[in-house]
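For reference, the structure is listed below as structure tokens.
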Amino acid sequence: MIEVSALTKRYGDFTAVRDLSFTVQPGEVLGLVGPNGAGKTSTLRSLAGIIPASSGLVRLAGHDLATDPVGAKRHLAFFPDEPRLFDYLTVRQHLAFVARIYGVAQHETISEPLLVELEIADKADQLPGELSRGMKQKLAIACGLLHGPKVMFFDEPLTGLDPLGIRRMKDSILRRAREGAAIVLSSHLLHLLQEVCSHVLILKKGEKIAHGTLTDVSAQFSNGEANVSLEEVFIRATGGSEN
């Protein structure tokens with residue numbers, strides 16, 4: 001569902017991502033981790049077509065992002081760490097607007113359950129300026145889920161959410177994976193990734209240093225120990241802490 005081959009992203013003379021290759025199959029949740037400056041955000045934005053890759057191949061749901069960007073993006077949802085909303089559209093109007101862009105017919109049958117699932121139904125007639133940071137994040141996620149994307153990229157999706165909101169968001173992510181979506185999730189919250197991810201990709205200085213199932217990557221850096229946490233795996237793999 002997500003196929004990345006030899007992806008490289010340069011900014012002038014600086015290489016942020018170098019020769020990165022991996023796949024994410026339907027039903028898999030890949031945790032993308034690395035120290036600050038490892039290239040995680042550049043990777044996600046290149047995969048989503050927000051910024052152009054310098055070289056390499058990206059295929060989303062069978063569509064080449066470079067030669068068929070519209071076809072690829074019809075199956076894609078990208079959730080940035082900072083929600084971008086329209087100041088003068090209410091919550092419900094945001095969903096109606098996005099539905100028109102993606103050609104979602106009778107969107108109310110989809111949008112209303114999404115509002116309930118994400119616990120913002122009681123805010124449906126409010127403007128973004130009246131919403132908390134967490135509620136804005138939920139609205140952005142509801143808009144991204146409206147067209148039933150097969151490929152999802154989450155960049156720090158839990159920013160601003162309270163503990164109950166975090167739990168419900170984890171459930172929403174796992175539900176979409178069970179329904180066959182291919183998901184990449186970048187977060188500094190390594191305990192979250194350990195709970196929801198089936199696979200992990202560790203970056204350092206723009207290069208892949210570990211990739212595989214959580215079990216396989218943990219075994220690679222466990223030194224024979226049992227039940228090594230992802231946080232400990234991360235520290236051993238990168239030689240430092242997340243921050």
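Taking the options 179, 207, name whichever one is more than 14 Å from the chain's Cα centre (by Cα), farther than 25 Å from residue 38 by Cβ and of a type in the set (Asp, Glu). I'd like the intermediate steps shown before the answer.
On the way: 207 fails: farther than 25 Å from residue 38 by Cβ.
Just one listed residue meets the conditions, 179.
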| task | Determine whether residue 166 is part of a helix (DSSP H, G or I), touching a residue at least 24 places away in the same chain (Cβ under 8 Å) and either more than 23 Å from residue 88 (Cα to Cα) or among the β-branched types (Val, Ile, Thr) (or both). | result | yes
| request: Might you let me know whether the range 170-181 holds any residue that is crowded, with 18+ Cβ neighbours inside 10 Å, touching an Asp or Glu at 6+ places or on another chain (Cβ under 8 Å) and in contact (Cβ under 8 Å) with a residue 60 or more places away in the chain? | output: yes
| Of the residues that make up the range 144-159, is at least one surrounded by 14 or more Cβ atoms within 10 Å (Cβ to Cβ), part of a helix (DSSP H, G or I) and at pLDDT 85 or above? | yes
| message | I'm trying to understand the selection: among the residues of the range 195-243, which are touching a helix residue (DSSP H, G or I) at 6+ places or on another chain (Cβ under 8 Å), of a type in the set (Asp, Glu) and assigned to a helix (DSSP H, G or I)? | response | 195, 231
| remark: Checked 66, 96 against criteria (part of a loop (DSSP other than H, G, I, E, B) and at pLDDT below 95); the one match is 66
| message | With the requirement that a residue be more than 16 Å from residue 173 (Cβ to Cβ) and either free of Cβ contacts under 8 Å to residues at least 40 places away in the same chain or of a type in the set (D, E, K, R) (or both), what does the range 135-159 give you? | response | 135, 136
| task | Test residue 60 against the criterion of being at pLDDT 95 or above, out of contact with any Ser or Thr (no Cβ under 8 Å at 6 or more places or on another chain) and outside the structural domain of residue 155 (by TED's automatic domain parsing), and give yes or no. | result | yes
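Here is a yes/no grid of residues against (1) in contact with a helix residue (DSSP H, G or I) (Cβ under 7 Å, 6 or more places away or on another chain); (2) within 19 Å of residue 184 (Cα to Cα); (3) in contact (Cβ under 8 Å) with a residue 24 or more places away in the chain; (4) crowded, with 18+ Cβ neighbours inside 10 Å:
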position: 80; (1), (2), (3), (4): no, yes, yes, yes
position: 89; (1), (2), (3), (4): yes, no, yes, no
position: 98; (1), (2), (3), (4): yes, no, yes, yes
position: 119; (1), (2), (3), (4): yes, no, yes, no
position: 128; (1), (2), (3), (4): yes, no, yes, yes
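The values are calculated or read from the model by the stated rules, or taken from the named source; none is laboratory data. This one's a predicted model, so the numbers in the text were calculated from it and none came from an experiment. Every residue, glycine as well, gets a Cβ built from its backbone with ideal geometry; the counts of neighbours run over all protein chains shown.
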